[in-house]
Amino acid sequence: QLEYFTDDLTMLQVRVAKIRTGLLQTENPPSRTVRLINNVQVQAIPGSGDADTDNGPHFGVQSAFLLYRHRRQREVEILAGHRNDRWRATPDRWLLAEREILFAANVLPTKSLSLFY
């Protein structure tokens, strides 16, 4: 299985810090983007959640996506695939525990995957 990127908690914190600065240069000028998410299926993960710890129940969420991106005058990209997420319920909010993105294409027709984080 080919992985384009695998982020741990530290790397995700770095990404969020960069986004909050407002100085990201990956999209200047920004693309016109449309994201469609459908076929969302939610299923409780049996045995998840433990009364003795802070871990709440987990839910698997599967969905299909279609992403249309238009940049400058002639750059058009269409990406399609499936997403598998695992969410954890806490008393005051939902936390994303894991995300897997499976593209339909064997070769991605895009120069940047910044649209996915």
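Here Met11 passes the criteria (1) surrounded by 11 or more Cβ atoms within 10 Å (Cβ to Cβ); (2) modelled with pLDDT of 85 or more except the one numbered (2). Out of the residues in region 32-54 that are over 18 Å from Phe103 (Cβ atoms) and open to solvent by less than 80 Å² (accessible area, probe 1.4 Å), which is modelled with the highest pLDDT? Among residues in region 32-54 that are over 18 Å from Phe103 (Cβ atoms) and open to solvent by less than 80 Å² (accessible area, probe 1.4 Å), the one modelled with the highest pLDDT is Ala44. When the residues of region 17-31 are filtered to those that are among the hydroxyl-bearing types (Ser, Thr, Tyr) and part of a loop (DSSP other than H, G, I, E, B), the one that is modelled with the lowest pLDDT is Thr26.
If a residue has to be under 17 Å from Val34 (Cβ atoms) and either open to solvent by 30 Å² or more (accessible area, probe 1.4 Å) or within 13 Å of the chain's Cα centre (by Cα) (or both) to count, how many in region 62-78 make the cut? If you could, list the steps in order and put the result at the bottom.
As a first pass, look at region 62-78 and keep what is under 17 Å from Val34 (Cβ atoms): 63-72, 75-78.
Filter once more, so that each one left must be either open to solvent by 30 Å² or more (accessible area, probe 1.4 Å) or within 13 Å of the chain's Cα centre (by Cα) (or both): 63-68, 70, 72, 75-76, 78.
Residues that pass the stated criteria total 11.
Filtering region 88-99 to residues that are part of a strand (DSSP E or B) and open to solvent by 70 Å² or more (accessible area, probe 1.4 Å) leaves Trp94, Leu96, Glu98, Arg99.
The values are calculated or read from the model by the stated rules, or taken from the named source; none is laboratory data. For clarity, every value in this text was computed on a predicted model and none was experimentally measured. Neighbour counts run over all protein chains shown; Cβ positions are idealised from the backbone, glycine included. All accessible areas refer to the heavy atoms of the entire protein, side chains included, with ligands and DNA or RNA removed. Shrake-Rupley method; radii C 1.70, N 1.55, O 1.52, S 1.80 Å.
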